[in-house]
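The values are calculated or read from the model by the stated rules, or taken from the named source; none is laboratory data. In this text the structure is predicted, and so the values were computed from the model without any measurement. Using ideal geometry, Cβ is built from the backbone for each residue, glycine included, and neighbour counts are taken over all protein chains shown.
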Amino acid sequence: MQHFTPPKVGKLLKPKMLALIASGIFLVVLLATSVFIVDQTERAVITRFGRYLETRMPGLQFRLPFGIDRSHIVNVTTIQAQEFGFRTVRGANVPGRAATQTLVALPAESTMLTGDLNIVDVNWTIHYRVVDARAWTFNVNDRIPTIRDVSRSVMNQLVGDRAIMDIMGVERYAIEAESIVMMNEIYQSYGLGIHVVTVNLQRVMPPPGVQPAFDDVNMAIQDRERLINEGQQAFNEQIPRTRGEAERMILVAYGYAAERVNRALGNVARFNSVLAEYQLAPAVTRQRLYFEMMEDVFGNKEGTTLVDHNLQNFLPLMNLGGQ
């Protein structure tokens, strides 16, 4: 029976084999530490011996190997979000079903004191984008906690300057706009390298214990606004109509006054002309005026006979036969 004798290790690890293995390992490490790819949405911050060197654009990039140059990949195009007062918890993915989302309330972040010493729950979300990859990488160590602390401080300040009904109503959009400006100023002063794009107030509600009372107040405010709008509508309908009627009556009065004045002026002119004729021939004018007056009085009367009382031997008789 023959026994198998394994070859010695020294025979397997010949110098040429060792050189090939070492060369392969060297090439793998060289490629792994010197070649990298930057995506279109990213920027690469390059450091050499821990000091900032440059910022690389998207594409295939090279660096000094073996840790001499290091790359820090930063996403500069994706809009990132931070939630305050709540968290969105996604459920497990089940094949054939849509993923479920659950909102978990965090009262410690959402409870605030208003300017009129009321308590309100405010949930909001900020959306921001990295605009300076170098500043984002080096200037601040605890970046996310700093973003959250600044956002909470700004929101507490804005809510604390306003009454609760204003926060729930007309001042809601003003708070969003002012918070964007204030947050960006603070982040810029810190050199954080981000820019806040939007701030959305998701939920602004009183605490659950006083919710029914606030609902009653809100309904009363809505009823007041509705009555004011109805009154304004009635005002807009009646006032122009009344003003138009008043202007019409004024124009009618002006027309009547002009008519009366013109008629009076005409009568005066007529009287003056008659007076001039009368002064030239009083008897003729007197007789003509008499005839005109009689014509005006009896001109439209039928069956009327005028008899001069100075006539002699004339007996006026009524026609009893109707002929």
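Points to keep in mind about this one:
- Note on region 30-75: among residues that are of a type in the set (Lys, Arg) and in contact with a helix residue (DSSP H, G or I) (Cβ under 8 Å, 6 or more places away or on another chain), the one that is nearest to residue 135 (Cα to Cα) is 43.
- Matching entry among 148, 162 (being in contact (Cβ under 8 Å) with a residue 60 or more places away in the chain, touching an Asp or Glu at 6+ places or on another chain (Cβ under 9 Å) and under 30 Å from residue 210 (Cα atoms)): 148
- Filtering region 108-119 to residues that are free of Cβ contacts under 8 Å to residues at least 24 places away in the same chain and either more than 29 Å from the chain's Cα centre (by Cα) or part of a strand (DSSP E or B) (or both) leaves only 108.
- Test: residue in region 38-58 that is in a loop (DSSP other than H, G, I, E, B), more than 30 Å from residue 196 (Cβ to Cβ), at pLDDT 85 or above and of a type outside the set (Lys, Arg): yes
- Inside region 120-163, residues that are assigned to a strand (DSSP E or B) and surrounded by fewer than 18 Cβ atoms within 10 Å (Cβ to Cβ) make up a count of 3.
- Applying the criterion of being at pLDDT below 90 and of a type in the set (A, V, I, L, M) to the residues of region 211-245, the residue that is nearest to residue 169 (Cα to Cα) is 221.
- Pick from region 164-178, criterion within 16 Å of the chain's Cα centre (by Cα) and crowded, with 21+ Cβ neighbours inside 10 Å, ranking: nearest to residue 115 (Cα to Cα): 167
For every residue, the table says whether it meets (1) in contact with a strand residue (DSSP E or B) (Cβ under 9 Å, 6 or more places away or on another chain); (2) assigned by TED's automatic domain parsing to the domain that holds residue 162; (3) in contact (Cβ under 8 Å) with a residue 12 or more places away in the chain.
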site	(1), (2), (3)
189	no, yes, no
194	yes, yes, yes
198	yes, yes, yes
211	yes, no, no
224	no, no, no
228	no, no, no
232	no, no, no
235	no, no, no
242	no, no, no
